[in-house]
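Please read the structure below before turning to the comments.
No lab work stands behind these numbers, since they all come straight from the coordinates. Because the structure is predicted, anything quoted here is derived from the model rather than measured. Using ideal geometry, Cβ is built from the backbone for each residue, glycine included, and neighbour counts are taken over all protein chains shown.
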Amino acid sequence: MGLPLLSPYLQSIGSDYRHGANFATLASTALLPNTSVFVTGTSPFSLGIQLNQMKEFRNRVLASKGNNGQLPGSEILGDALYTIDIGQNDFTSNLGSLGVESVKRSLPSVVSQISWTIQDLYSSIGARSFMVFNMVPVGCYPAFLAGLPRDSKDLDEFGCVKSYNGGVTYYNQLLNDSLAEVRKTLQDASVVYVDKHAVTLELFQHPTAHGLKHGARACCGYGGGTYNFDRDVYCGDSKVVNGEAATAGACADPQNYVSWDGIHATEAANSRIAYAVISGSYSYPPFDLSKLCSP
């Protein structure tokens, strides 16, 4: 789109927020976590915290009155596109300990938090344009195929975990239904549901049809085999395993992989997903981002 990457909100040095700000953090959740980052690795910056940071950002923008060269003008608050892509960590963080059926019981609360956040941004910030991404098929992710207990009968024809992907489908339907209700309430806002799930699932199921070679196998990992993923030796880690040094390094051809590290997508996969999203073909209501954005 000809725009620079957004500076993280928590980056205090060298930031440039004239084109927007990124409030995302590693392993963040929609719901307030009930455990410490030191115990589970879950980020303390949940969606509610990020919303408060957005309000503080608004205060800084209004206080600057256009005189700060690193901040946008106040008109951006109403004109900006607000993207929300969260919920996956709420789903996956307890899969191993609780199981998918127990996790599913918490998903209505996750969806409610997202919908409430949209309405708060509308009323407190003046936001009018939203893109909300649904959840990707985590049952195809090497990290969950190799790292969590499962029954071999729970695999579909593409090698993905049916119960996990079933839980994701349930969540996505809840989200879609909730956003439909939000549209009824905020009739002068554009609230777009983005089906990133469909795009990503297609890449996992038919990688070769899209110029890739490997679906549910990590490029950067350890252990080789079908998934090349070991939860004890994560991408970039070096440690001793069974008395021998082990390093989870990157493959030589990441352009042929869907999965980068077992959880995140490669640049090649993200490029294909981004072009699909920008086209508007996977958005409801249809939303052609390429026509809205210019450098």
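Some points to look at:
- Karplus-derived HN-Hα couplings along region 151-162 (A = 6.51, B = -1.76, C = 1.60, θ = phi - 60°), whole Hz, x at Gly and Pro: 8, 4, 6, 8, 9, 8, 5, 9, x, 9, 7, 5
- Summarising the amide proton neighbourhood of S7: residues at separation of 5 or more, or on other chains, whose placed amide H is nearer than 5 Å comprise D16, N22.
- Sorting the segments 13-23, 77-87 by their mean number of nearby beta carbons within 10 angstrom, highest to lowest, gives 77-87, 13-23.
- In terms of packing, defined here as the mean over residues of other Cβ atoms within 10 angstrom, the peptides 95-101, 195-201 line up highest first as 195-201, 95-101.
- What the pair-distance distribution of region 33-133 shows, using all Cα-Cα distances binned every 10 Å from zero, is 13, 38, 28, 16, 5, 0 percent.
- Residue-wise HN-Hα couplings along region 42-47, as the Karplus relation 6.51 cos²θ - 1.76 cosθ + 1.60 with θ = phi - 60° gives them from phi, are 5, 5, x, 8, 6, 4 Hz; Gly and Pro carry x.
- Summing Cβ point charges (Lys, Arg +1; Asp, Glu -1) relative to the Cα centre of region 151-295 gives a dipole of roughly 260 debye.
- Residues whose amide H falls under 5 Å from that of A265, counting only those 5 or more places apart or on a different chain, are W260, with hydrogens built in the peptide plane.
- Radius 10 Å from Cβ of L77, net charge of other residues (Lys, Arg +1; Asp, Glu -1): 0
- Under 5 Å, built H, 5+ apart or other chain: amide partners of V192: F130, M131, V132
- Taking every DSSP helix (H) stretch of at least 4 residues in the chain, weighting each as -39,500 (n - 2.57) and dividing the sum by the residue count yields a mean residue ellipticity at 222 nm of -10500 deg cm²/dmol.
- DSSP bridge pairs, the chain: antiparallel proportion in percent, nearest 5: 40 percent
- Couplings 3J(HN,Hα) for region 177-190, derived from phi with the Karplus relation 6.51 cos²θ - 1.76 cosθ + 1.60 (θ = phi - 60°), are 5, 5, 5, 4, 5, 4, 4, 5, 7, 9, 6, 9, 10, 9 Hz, where x marks Gly and Pro.
- Gaussian network model of the chain, Cα within-10 Å springs - most flexible of N59, N228, N242: N242
- Within a Gaussian network of the chain (alpha carbon springs, distance under 10 Å), most fluctuating of C235, C219, C160: C235
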